[in-house]
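Readers should treat all values here as calculations from the given coordinates under stated rules, not as data from a laboratory. Computed from a predicted structure; not experimentally measured.
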Amino acid sequence: MTNCAERSFYRTGKAMRKSGRADEKQSSANRSRRVLIVEDETILGFEVAVMVKSLGHSVVAMAGNEAEAVRLDARMKPDLVLMDVRLGRGPDGIDTAERILQHRFIPIIFCTGYSSDQNTIERIRNLGPFQVLAKPFTISELKRALGRAEGMS
């Protein structure tokens, strides 16, 4: 004989199974993504991480240069990379993306304060159909970019 609490559990379980099926039918844009952030300015990286998390995604790692980014991508296998174009010393974000893409295809959203620089945009286009977010960007712009990147994975 089941008591009231057990019956409630069974109903809740059934409701959860039904809602789980409904969740599967939701658009893939609502799917939680595992994001690698590549940003040489630590404070900006943390600000972007807060935005990513507030949209329901997780930040698997943060890198400040090419070597860290390539190593963390290989180890953490994120679903998507948010890549700063200008990484200070060493290779820039476009070169870093090229190295990552040599190992596996992954959607990359390039973040830059130089979105009007045609040479930069052309170099990104030569890598593939990746998106560019002009800095500073809003959370709604990031949300749209993440949604569009979903179709690339």
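Observations, loosely collected:
- Pair-distance profile P(r), taking every C-alpha pair of segment 31-150, with 10 angstrom steps and integer %: 14, 53, 32, 1
- When the Cα convex hull of segment 101-153 is projected onto planes of every orientation, the mean area is 3.8 nm².
- From phi via Karplus (6.51, -1.76, 1.60), per-residue ³J(HN,Hα) for segment 68-76 in Hz, x at Gly/Pro: 5, 4, 5, 5, 5, 4, 5, 7, 8
- Residues whose placed amide H lies under 5 Å from that of L87, excluding near-sequence neighbours: G93
- Phi angles across segment 105-121 convert, under the Karplus curve 6.51 cos²θ - 1.76 cosθ + 1.60 with θ = phi - 60°, into 3J(HN,Hα) values of 7, 8, x, 10, 10, 8, 10, 8, x, 10, 5, 8, 7, 4, 5, 5, 4 Hz, Gly and Pro given as x.
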